[in-house]
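Enquirer: Attaching a single structure in C-alpha cells format; questions to follow.
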Amino acid sequence: MEFIGQLDEQQKKVQVDILDRKILFLLSKNARYSESSIASCLKISKEVVHYRIKRMQQEKFLTGFITVLNDQRLGKTVHAINLSLHPSPEHELLINRLVNDSHISNVKHYNSLLDLQFSVTTTSLSEFVQFFDELMNHHHHLIKDYNISTILSEQFMGLDFLLDGIEKPLIQEKKGSSFQKEFQSAKTHLPLKLDDKDLAILSALKLNARLPILSISQSLHLSTTSVQNRIQQLIKTGAIKCFIPYISLSNLGYQWYTLHLRTKNLSQSTFTQYVQQHPNIVWMTKRLGKWNYHLNMWVKNNTEFNKVVQELGHTFKDSIIAYDSSLVHKQYKFNQKVE
C-alpha cells in the first residue's frame, strides 16, 4: 500500500453525501463492521454499501483501513521528534530516509516545509539513542533545532464531526468478525504473551483492518477458529486498540490542526470525557515533554479552530498553563511497528 495518511500532495475536492458520511462514521466506530450490518443499520442494501465504499476507495479519498496498536502493550516506547530545518535542497533525502526506516511510524510536516515531526518506535532507550545519534551524524547540517518527547498513551476519538448536527446511527453488532464485544470488555492489565503467529496476525491487520479471517488463516496455515481466538485475545488484552478507516479529510475541505497543551492539576478523567465528546477532536496523545497533551482536530477553517480552543480554554481555564498550535500540511507515513 503506497499512501497511508490523511493528507496527500495531490489533493482534490470530492463529493460525499449524507449516506457516505454515515457509512464513514460507522466505519470509524469499527472498521470491521460488515457491509450487512452497516446496510441493516442504515436501512439500505448490502450492495449499496459495497458500492459506496469501493467508490470512495477508487477516488483515493478513503485510503485504507488500519488497526491501531497499543505500543506500550507490545513492549515498545515511542518518541516524538520535532525538527526545525535549515533551508536546503536535501530535505527530500531526509524525508525518504525517515519514510523507509522501519523504526518510524509516522512522518509529517507542521506549519511549513522547515518543520518536520516524526515518531520513533524502539524496544529500549539504547536503541533509540543509537537511532538518534545516527540521524544527527548523517543530517546535522540540515537540523537547526530539535525537541523530543515520549508518547505515554494515544487514543482515537472517532469522526463525529462528519455528522455534526445529524442524528448518528448506531450498530448493535455483538457477533461476527468485528470483535465489538471484545472491545467493550478489553482489560489492558491482563498478562500479554505474543508468539510469532500473533505478531504475524498484527502485521497482516495493521494496514488492512478489514482483511477476512479466512485470508489470514490461509496465509498463516492456521484454522479460522485459531485466528478468531487469537484476535479476540489481542483485543481483550489491549494489544489492539481499534479498527479505523483512514481518510483524506482535506479533500472535504477540512484542515488538520494540532493543539499542544501544558497543564497542571488536571482531572484526566474529566478532560478525557470532554475530549471524547467533542466532535472535532480526532486523536488525543498524552506525552512526557514540553507539552502534556496533543489534540489533533479537523476543522473547516481557522475561525472554527479558534472557537474550539476558546471553548477548551474556558472549560479548563484553571488547569491550562500554556498552549501552542500547529497546522499539519502533509503526512507522508502512518505505519506502526510490530516486530
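The values are calculated or read from the model by the stated rules, or taken from the named source; none is laboratory data. Please read all numbers here as calculations on a predicted model, not as lab measurements. Cβ coordinates were reconstructed from backbone atoms using ideal geometry, including for glycine residues, and neighbour counts include every protein chain displayed.
Enquirer: Which residue is surrounded by the fewest Cβ atoms within 10 Å (Cβ to Cβ), if the candidates are limited to the stretch 210-231 and must be aliphatic (A, V, I, L, M) and over 15 Å from residue 194 (Cβ atoms)?
Expert: So the residue we want is 214.
Enquirer: Could you please find all residues in the stretch 76-100 being surrounded by 17 or more Cβ atoms within 10 Å (Cβ to Cβ) and within 30 Å of residue 194 (Cα to Cα)?
Expert: Hits for the stretch 76-100 are 76, 77, 78, 79, 80, 81, 98.
Enquirer: Of (1) within 23 Å of residue 70 (Cβ to Cβ); (2) out of contact with any strand residue (DSSP E or B) (no Cβ under 8 Å at 6 or more places or on another chain); (3) surrounded by fewer than 21 Cβ atoms within 10 Å (Cβ to Cβ), residue 252 satisfies all except one. Which?
Expert: (1)
Enquirer: When you scan the stretch 1-120 for helices (runs of 4 or more DSSP H) that lie fully inside it, which ones turn up with 2 or more residues that are of a type outside the set (A, V, I, L, M, F, W, C) and within 24 Å of residue 336 (Cα to Cα)?
Expert: 18-29, 91-100
Enquirer: Picking from 202, 234, 207, which residue would you name as being surrounded by fewer than 18 Cβ atoms within 10 Å (Cβ to Cβ) and on the phi < 0 side of the Ramachandran plot?
Expert: 207 is the lone residue from the list that is surrounded by fewer than 18 Cβ atoms within 10 Å (Cβ to Cβ) and on the phi < 0 side of the Ramachandran plot.
Enquirer: All but one of (1) farther than 30 Å from residue 300 by Cα; (2) polar (S, T, N, Q); (3) touching a residue at least 40 places away in the same chain (Cβ under 8 Å); (4) surrounded by fewer than 16 Cβ atoms within 10 Å (Cβ to Cβ) hold for residue 172; state the number of the condition that does not hold.
Expert: Among (1) farther than 30 Å from residue 300 by Cα; (2) polar (S, T, N, Q); (3) touching a residue at least 40 places away in the same chain (Cβ under 8 Å); (4) surrounded by fewer than 16 Cβ atoms within 10 Å (Cβ to Cβ), the lone unmet condition for residue 172 is (3).
Enquirer: What are the residues in the stretch 129-177 that are within 23 Å of the chain's Cα centre (by Cα), of a type in the set (Gly, Ala, Ser) and at pLDDT below 90, if any?
Expert: 177
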